[in-house]
Amino acid sequence: MTETKKTTCDGCQRFLHITDNSIDYRLRLTCERIPLTESWVTDMMRYPIIKEDKHFCSLGCLQKWSIDE
């Protein structure tokens, strides 16, 4: 049994896993930790915390999501 993950836009909830007969794109916002280069660090937090990748169909939807968050 094959599992298919259906991706939706986190801004407008439109399905982003298929396209019509043209090439289409989606934006992905990913939380990635940058490796340390020094032996000491400053403790900081960033908000909102992005716990999982976010997907968007346009910059407008990314902007709407960032305002709502």
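For T8, T30, T42, which order do you get if you count the other beta carbons within 10 Å of each Cβ and list the fewest first?
If I rank by nearby Cβ atoms, fewest first, I get T42, T30, T8.
Using a simple spin-label model with points 7 Å from Cα along the Cα→Cβ vector, what separation in nm is obtained for I34 and I18?
Placing both labels 7 Å beyond Cα along the Cβ direction yields 4.1 nm.
Can you work out the FRET efficiency for the pair K51 and Y25, with r the C-beta to C-beta distance and R0 = 35 Å, to the nearest 0.05?
0.90
Relative to the Cα centre, what is the charge dipole magnitude of the stretch 28-69, using +1 at the beta carbon of each Lys and Arg, -1 at the beta carbon of each Asp and Glu, and rounding to the nearest 20 debye?
My answer is approximately 160 debye.
Each value in this text was obtained by applying a stated rule to the coordinates, not by laboratory testing. Just so it is clear, the model here is predicted, and its values are computed rather than measured. Here Cβ is always computed from backbone atoms with ideal geometry, including for glycine, and neighbour counts include all displayed protein chains.
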